Amino acid sequence: MDPAIRLADISKTFFRDNDRKNGDEPEGIPVLKSVTLDIARGEFVSLQGTSGSGKSTLLHIIGLLDRPTSGAYHLLGDDTAALDDDHLSDLRNKNLGFVFQSFYLIPYATALENVVLPGLYSRRPQAELTARARTLLEQVGLADRMHFKPARLSGGQQQRVAMARAMLNNPDIILADEPTGQLDSTTSGEIIKLFRQVHESGTTIVLVTHDEHVAAQAQRIVRIHDGRVVEDKPTGA
Ligand SMILES: Nc1ncnc2c1ncn2[C@@H]1O[C@H](COP(=O)(O)OP(=O)(O)OP(=O)(O)O)[C@@H](O)[C@H]1O
Ligand SMILES: [Mg+2]
């Protein structure tokens, strides 16, 4: 079977507007340099690396939120370079779930409404979406908080709402960027337990983390340094 994610010789260079000024070949800042990486379906992988090493940039490319400057990216067997924007957003909505710190919950919507949100782009009936969202919120231990707005939830509870939201469309792959970054170690342990459960149900997970304990929960750790993969090893977990 095709891997979930196949990155071949992926590079990403960011250009500033004035790099292009006088018709010179723009230089830009190379942030990813020839990244080649396969992630199998059902695998649980941690991405580690120092600040600025390119982890979020890589996760954005994997999540179809940005395109590489060069190289080939196949997602679930599809060559993403050959797909138009509609097809890409379709893949993003149906096949990917995001738990990014920058993807805040909507403050004026309840936990339940936040979880239902990614379903509104599909044609699934409202009642079915709400039922699924309730089940997910129960699974993440928030049965008694469904009608709370984010401001009345703790950081860990908000992160669990974000997990439930990421799972609404039953994605093949969950991409998470520092989902435990602002949590104490107990709460962070609960979130990681959830990731393990999601993984055990067959979902592929790519998790960016600075935390060694969190990373060790994955089956495999890929270390990025200065835009390159410098280490790729199984954890034995
Ligand atoms: N849109 C952008 N334009 C220009 N440079 C960018 C852009 N986004 C990221 N960069 C640069 O790319 C490099 C990698 O950034 P990235 O966000 O991928 O790092 P990171 O590994 O996620 O770091 P952190 O652990 O701090 O989140 C940084 O030097 C950053 O300044
Ligand atoms: Mg980052």
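Readers should treat all values here as calculations from the given coordinates under stated rules, not as data from a laboratory. If you're wondering where the values come from, they're calculated on a predicted model, not measured in any experiment. Virtual Cβ from ideal backbone geometry, glycine too; neighbours counted across all protein chains shown.
Tell me the label-point distance for the pair residue 33, residue 135, using the 7 Å Cα-to-Cβ offset, in nm and rounded to one decimal.
A separation of 4.8 nm, rounded to one decimal place.
Arranged by the count of other C-beta atoms within 10 angstrom, fewest first, what order do 233, 149 take?
By the 10 Å Cβ count, ascending: 233, 149.
Excluding residue 200 itself, calculate the net charge of residues whose Cβ lies under 13 Å from the Cβ of residue 200, where each Lys or Arg counts +1 and each Asp or Glu counts -1.
Overall, the nearby charge balance is +1.
Once the Cβ-Cβ distance between residue 124 and residue 219 is put in as r, and R0 is 35 Å, what FRET efficiency do you end up with, to the nearest 0.05?
About 0.65, to the nearest 0.05.
From the Cα gyration tensor of the stretch 139-180, with a ≥ b ≥ c the square roots of its eigenvalues, which class applies: rounded if a/c is under 1.5, or else prolate if a/b is larger than b/c, or else oblate?
oblate
Stretch residue 184-residue 210 to full length: gain in nm at 0.36 nm per residue minus the Cα-Cα span?
Result for the pair: 8.0 nm of gain on full extension.
Quick one: Cα convex hull volume of the chain, Å³ per residue?
Convex hull of Cα atoms, per residue: 142 Å³.
If you add up the charges near residue 173, with Lys and Arg at +1 and Asp and Glu at -1, over every other residue whose beta carbon is less than 12 angstrom from its beta carbon, what do you get?
For residues surrounding residue 173, the net value is +1.
Label residue 237 and residue 94 with points 7 Å out from Cα along Cα→Cβ: what is the distance between them in nm?
3.1 nm
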